[in-house]
Every structure is written in structure tokens, then in C-alpha cells.
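This report refers to the structure that appears directly beneath it.
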Amino acid sequence: MAGDESPTPAAACATWHPMLLRQLRRAQLSPDALATAHPALPGLMDRVSRAYADAEQDRYLMERSQEVASREMGELYNELRASQARLASLVSLSSDWVWEQDATLRFHYVSSHDLGSTGDLAALLTGQQIGEAVTAIDEDDACKHRLLTDDRKPFRNLRFRVQQPDGTPLYIRISGEPVFDGERFTGYRGVGSDVTHSTVAEQQVMQLARYDSLTGLPNRSMLIEQLESGLRQARLTRLGLAVLFIDLDRFKYVNDTLGHDAGDELLKTMARRLSGLVRQVDTVARLGGDEFVILIQNTTDPSTLSKVASRVLNVLCEPMRLSDRPVQVSASVGIALFPSDGDDTTTLLKNADSAMYLAKARGKNNFQFFTSELAERAARHFALEGDLRQAVARQELVLHYQPRFRLSDGAMCGMEALLRWQHPTRGLIPPGEFIDLAEESGLIVQLGHWVMGEACHQIRLWREAGLEPPRCAINLSARQFGNEGLINEVQAALSETVLEAQALEVEITESLLMSDPDRAQQVLLRLHTLGMAIAIDDFGTGYSSLAYLKRFPAQTLKIDRSFIQGLPDDRDDAAITQAVIAMAHSLEMRVVAEGVETPEQLAFLKAHGCDEVQGYLLGRPMTAEKLAPLLPREALALGTDLPAV
């Protein structure tokens with residue numbers, strides 16, 4: 001049948017792949033020739049043609065997929081570049097930066113971060129290793145970093161210090177997480193920030209909170225921490241520790257007379273000297289004012305501590321210059337030991353303080369160990385200070401007046417106001433038992449103000465009673481003399497009692513005047529201008545010279561009682577007394593001898609031209625009521641009552 005006939009070779013080759021046809025033409029073979037050569041060849045050619053078509057389809061699909069992949073890879077690459085650019089821009093605009101470390105925790109990549117004049121952070125950190133040039137700020141951060149990195153765990157916000165090329169520290173805060181290649185640890189990567197400004201500010205706040213701003217030494221707060229830490233260690237090691245409580249002698253005198261700047265310079269000098277004496281494990285701290293403490297670890301040996309205390313005394317008393325003047329101060333040192341003298345911070349400091357006061361009581365410039373007897377003494381001392389603070393308000397202070405006599409006619413020509421304390425339980429306390437305490441505690445200014453006002457008030461009462469009291473001498477302490485408001489205080493006291501300045505005489509010690517002669521001259525001139533008389537007290541105990549004495553507007557020299565006691569037998573005392581009398585008269589000044597207690601002393605002074613005398617032989621200090629009978633309306637002459645000379 002016609003429908004069952006096979007296609008001719010020419011018709012069959014029309015569907016063959018062009019590549020196959022090209023190959024047959026090159027071989028000069030026609031489809032008919034193929035069929036003639038072998039009847040199976042046309043079928044074979046059909047299969048070859050289909051193979052060509054399939055290969056061509058596969059190649060098309062591959063090329064298409066490559067084209068799509070290339071386009072997608074280009075898009076991804078462009079997106080990655082844009083993302084990297086955004087990240088780089090953000091990092092450059094941020095104070096943060098990124099970093100990577102190798103397995104040894106050495107920085108091998110750090111993003112660029114400008115440090116200003118000191119360069120770039122990348123150059124500073126690259127190649128550096130945590131624990132070497134990059135160190136933790138405190139031990140807590142170092143410990144955390146070590147533990148977390150050993151366990152290959154992330155860490156957060158740890159702070160480190162790096163030395164910059166100019167020597168200044170750079171403080172960084174970093175956070176990181178470990179990086180692994182499969183199971184293999186390859187390092188850390190993370191972010192960091194420059195926290196130099198905030199860290200320095202924090203350190204400054206810490207410095208103010210824990211260190212003394214003037215001397216740079218640890219302050220009371222840090223000393224307590226160090227002492228408590230030392231006590232914990234001492235309990236474990238059983239080696240003990242010692243507390244040396246140091247108080248500068250005469251610091252208040254220097255501070256009041258030379259000024260606060262000189263006092264500050266003195267404290268800084270003493271701090272440097274003390275710091276140079278101790279080991280690195282020991283602590284030198286300033287409690288405040290002129291008080292220092294040395295904490296000595298791992299020893300309670302009295303011999304060793306005595307040597308340390310002796311070195312302290314020797315170093316502190318070395319001369320120095322303040323305000324262009326030579327100054328020399330000493331110190332008193334108290335020593336308390338753990339555990340024998342106390343097992344807590346408060347007790348040790350209190351007992352060392354008590355021992356220090358014993359050193360002061362024994363002449364200053366020495367050291368004393370705490371003893372059980374000191375505990376009772378310290379308790380009395382602190383109780384007395386508390387009572388003294390209330391003495392003015394409770395009206396427990398009284399003035400006694402010691403008369404002064406003129407040797408030429410025996411007339412009472414003056415008197416000295418002397419402070420006494422009528423304690424409610426201890427009775428009448430002489431000034432020797434509380435004036436030093438008042439100086440140390442700063443109460444001397446308040447007491448001096450009261451004395452000035454009370455003396456003026458009493459003079460007014462005597463006058464209103466029809467009596468004519470002679471000029472009254474008032475002692476000025478170093479703190480009063482250094483007070484800028486002294487002149488106003490004197491004027492106020494005179495004004496309130498309606499007294500003329502000639503009713504008073506101020507007594508200033510020779511050593512006080514010579515501590516700052518220029519300022520002393522200015523103050524004395526102002527007092528002299530008011531009309532007050534001026535006396536130089538305790539003359540002979542200081543280091544004054546004629547050149548300075550001529551500058552001071554003083555009318556009276558008072559020979560110190562220490563030179564009077566040996567008269568007339570002690571040749572040195574006699575020579576000094578005669579020389580002082582002659583010198584004073586050459587300067588047209590009167591001479592008053594203090595502490596006259598025997599007729600022989602009185603006779604010697606009169607024979608050698610002394611002008612006035614004061615002492616128990618002639619009149620003890622007495623209350624205003626007892627002195628009143630000696631103050632008639634006419635100046636009282638007591639020539640007949642003086643011992644015969």
C-alpha cells in the first residue's frame with residue numbers, strides 16, 4: 001500500500017542536523033549513496049543527527065546558565081562592594097573599629113582609625129599581642145580575658161592599655177568572639193573603641209576620691225582600704241604589720257606665720273621625703289592637715305621599727321627654704337602593732353595616734369610605741385578636747401591677771417591677762433594642760449578671740465567701778481597673729497567696750513616674729529598705729545638680731561624666765577640678762593623680767609637697770625575680784641611692799 005512506503009533517502013536527510021549534512025558533503029556522500037551502500041546507514045544517520053541536536057541543546061543550556069550565573073555573580077559582586085563601602089564608611093565615621101587576631105591572639109588586621117598626632121591605630125596595634133604591648137587596665141579584666149580566651153569563648157567590653165609613640169597611654173575597649181575553620185581555632189575577631197578620654201576622666205575622679213590632691217599620696221579612704229587589706233594578709237601570714245602615725249611639730253606655726261602657700265609647699269616636701277623612705281609594699285598616706293601615716297607590712301620587730309622611725313625623724317627635720325626663708329620642723333611619731341595593739345583599722349589608728357601624742361608630750365621630735373597606759377591617757381585627752389570645745393559656750397573660761405611692777409618706785413605699772421579653765425569636774429586647769437591641745441585642734445583662735453573681748457570687758461567694768469587699771473597685756477598666738485582679720489578683731493573689741501587702744505598691750509613671742517619678719521613688721525605697724533603698746537615676749541629664746549629689732553615698733557622686751565631662774569649665781573644667765581638689758585636700752589626699749597621668784601633675783605635685776613618685773617615673788621596671777629583692791633582711783637604705789645633690796 002502507498003501509506004506503508006518508507007520515505008526516500010532524500011526525504012529522510014531533510015531532517016538531519018546541519019552539522020551532519022556538512023560532514024557528509026565534505027565526504028562527498030549523498031543520502032542515496034548511503035542507502036545503496038547499506039540499508040541500515042540512513043537509520044544510523046538519524047541517530048547521529050539526533051545526537052548532534054541533543055549536544056547542541058545541552059551547549060545552549062550551558063551557555064545560557066553561564067550567562068545567567070555571570071550576570072548574577074556580577075550583581076552579587078556589586079552588592080558586596082557596595083556593602084563593603086557602606087561598612088568602611090560607617091567604620092570611618094564611627095569611633096569604633098574592627099579587628100582580627102590570629103590563634104596567638106596577635107592582631108593581624110585592624111581597620112583604619114586616626115589617632116591624631118600619634119598616628120593610626122592600625123599601625124599601632126598590628127603585630128601586637130594581648131598581654132605584651134597590649135595590657136589590661138586592671139587585674140579583673142586581665143583575668144576575665146585569660147579565662148574566656150583559654151576556653152575559646154566570646155568576651156565583652158574589656159579595657160586595655162597601649163603605649164603610644166609619644167609616651168601617652170591609649171585606652172581601648174574591645175569585644176570579640178572566637179573564629180573556627182571547621183574544628184580548628186584560628187583566632188578572634190571583634191570590635192573596639194577608643195575610650196581614652198572617658199578612662200582618663202574616670203582615673204581623675206578616682207584620683208580625687210582615693211588620693212590627696214595636694215601631695216598625691218593616698219588619702220584616708222585609700223589608707224583604710226590598704227590597712228584592711230594588710231590586716232587580711234597579716235592574719236594569713238601571721239607576720240603582723242605596723243602603723244606609724246606622724247604629726248609635724250610646729251606646722252600650724254609655719255602655716256599661720258608664713259602663709260598657706262608655704263604650708264602647702266612644706267607638706268609636699270614632707271610627702272616626698274616620706275615616700276622615699278619606704279618599700280614598695282608599704283604605704284605612705286596623708287590623713288589631712290599635717291598628719292601622715294606609714295603602713296609597714298610583714299614586721300612587728302621593735303628594733304626594725306625603731307630604725308624606721310628614727311630615719312623618719314631625721315629626714316623630716318632636714319632644713320628647707322619656704323618663701324625664701326630657712327625653715328626647719330620636726331615630727332612626733334606614734335607606733336601601733338598588729339595584733340598586739342589592735343586587730344582592726346579603727347583601733348590601730350587610734351592607738352598609733354595616742355602614741356604620737358605621748359611623743360609630743362615628751363618633748364616632740366621623738367617616737368613612742370603604744371602601751372596599755374596610753375589607752376587611758378588617750379581617752380582623757382579626747383574627752384578633754386571635747387570639753388574644751390564646749391568651754392566657751394558653758395562660760396567655763398576665766399581670766400587671771402598677774403601684776404607687773406616698776407623697779408624704780410615699786411608702782412604697779414601693768415598686768416598680764418592669763419587664761420584659765422574652770423573645768424566642772426577637774427577644777428581649775430592651768431594653760432599648760434590645754435593650750436597645746438587648743439593649738440593642735442585649732443581652738444586657739446576661738447579662745448584668743450574670747451580673751452581679747454573678756455579683757456576689754458573687764459577693764460571697762462573696773463573703770464565703771466571708779467578704778468584706774470594699768471595697761472593690760474594680752475598674748476597673741478601664732479594663729480591669731482597670722483589671721484588677716486586680727487586688726488579688725490582688735491578694733492571691734494575696743495569699740496564694743498568703748499576703750500582706747502592705749503589700754504592694751506599685745507605680747508608676741510620672739511620666735512613668732514622671726515618666722516616672718518617682714519609680715520610681722522607690717523602687722524605690728526598697724527597695731528602701733530592704732531595706739532597699742534607692743535612687747536616682745538620670751539626674748540632670748542629665738543634668733544632675732546639688732547637689725548630686725550630696730551624695724552619692729554615694740555616698746556618692751558620681756559626676758560624669758562629661763563634666764564631669770566639662774567640669777568644671780570649662773571654666770572651665763574647673768575651675762576645674757578645684762579646684755580639684753582643693755583641692748584634694749586640702746587634701742588630705747590623697756591625691759592621686763594619674767595618669773596622673778598626670789599629676793600636675790602629681784603636685787604640683781606634692780607642693780608643692773610631692769611625696768612620692770614613680774615613673778616610669784618611680787619604677785620601671783622589672780623582673779624579680777626582679787627586684783628580689784630589693788631586698783632584704787634590713784635595709781636597704787638607698792639614700793640614699801642616690795643622686798644628690801
Q: Have a look at Leu44, Leu87, Leu76 and point out the one that is modelled with pLDDT under 75, out of contact with any Gly (no Cβ under 9 Å at 6 or more places or on another chain) and outside the structural domain of Val179 (by TED's automatic domain parsing).
A: Leu87
Q. Say we look at segment 618-632 and pick out the residues that are of a type outside the set (D, E, K, R) and within 53 Å of the chain's Cα centre (by Cα); which of these is surrounded by the fewest Cβ atoms within 10 Å (Cβ to Cβ)?
A. Thr623
Q: Identify the residue in segment 107-132 that is modelled with pLDDT of 85 or more and part of a loop (DSSP other than H, G, I, E, B) and, among all such residues, is surrounded by the fewest Cβ atoms within 10 Å (Cβ to Cβ).
A: Gly127
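For segment 397-487, please list each of the strands (runs of 3 or more DSSP E) lying entirely inside it that holds at least 1 residues being over 30 Å from Pro517 (Cβ atoms).
Numbers: elements: 397-406, 412-423, 427-429, 472-475.
Correct list: 397-406, 412-423, 427-429.
Please state which one of Ile246, Ile294 is under 17 Å from the mean Cα position of the chain (by Cα), free of Cβ contacts under 8 Å to residues at least 60 places away in the same chain and assigned to a strand (DSSP E or B).
Working: Ile246 fails: free of Cβ contacts under 8 Å to residues at least 60 places away in the same chain.
Exactly one of Ile246, Ile294 is under 17 Å from the mean Cα position of the chain (by Cα), free of Cβ contacts under 8 Å to residues at least 60 places away in the same chain and assigned to a strand (DSSP E or B), namely Ile294.
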Q. Which residue out of Ser306, Ser221 is of a type in the set (Gly, Ala, Ser), in contact (Cβ under 8 Å) with a residue 24 or more places away in the chain, closer than 26 Å to Pro339 by Cα and surrounded by fewer than 19 Cβ atoms within 10 Å (Cβ to Cβ)?
A. Ser306
Q: Answer with yes or no whether Gly289 is at pLDDT below 90, closer than 30 Å to Arg519 by Cα and out of contact with any helix residue (DSSP H, G or I) (no Cβ under 6 Å at 6 or more places or on another chain).
A: yes
**Q.** Matching residues, segment 596-605, being in a helix (DSSP H, G or I) and crowded, with 16+ Cβ neighbours inside 10 Å
**A.** Gln601, Leu602, Phe604, Leu605
(Q) Looking at Ala359, Ala383 in this structure, which one is hydrophobic (A, V, I, L, M, F, W, C), surrounded by fewer than 18 Cβ atoms within 10 Å (Cβ to Cβ) and free of Cβ contacts under 8 Å to residues at least 40 places away in the same chain? (A) Ala383
Q.
For segment 201-215, check the following and say yes or no: at least one residue is exposed (fewer than 14 other Cβ atoms within 10 Å of the Cβ), closer than 21 Å to Leu125 by Cβ and among the small types (Gly, Ala, Ser).
A. no
Q) Considering only segment 111-129, how many residues are in contact with a strand residue (DSSP E or B) (Cβ under 7 Å, 6 or more places away or on another chain) and among the β-branched types (Val, Ile, Thr)? A) 1
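For every residue, the table says whether it meets (1) out of contact with any helix residue (DSSP H, G or I) (no Cβ under 8 Å at 6 or more places or on another chain); (2) at pLDDT 90 or above; (3) in the same structural domain as Leu236 (by TED's automatic domain parsing).
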residue: Ala309; (1), (2), (3): yes, yes, yes
residue: Leu316; (1), (2), (3): no, yes, yes
residue: Arg321; (1), (2), (3): yes, no, yes
residue: Gln328; (1), (2), (3): yes, no, yes
residue: Val333; (1), (2), (3): no, yes, yes
residue: Ser340; (1), (2), (3): yes, no, yes
residue: Thr345; (1), (2), (3): no, yes, yes
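The values are calculated or read from the model by the stated rules, or taken from the named source; none is laboratory data. If you're wondering where the values come from, they're calculated on a predicted model, not measured in any experiment. As a convention, Cβ positions derive from the backbone with ideal geometry for all residues, glycine included, and neighbour counts pool all protein chains shown.
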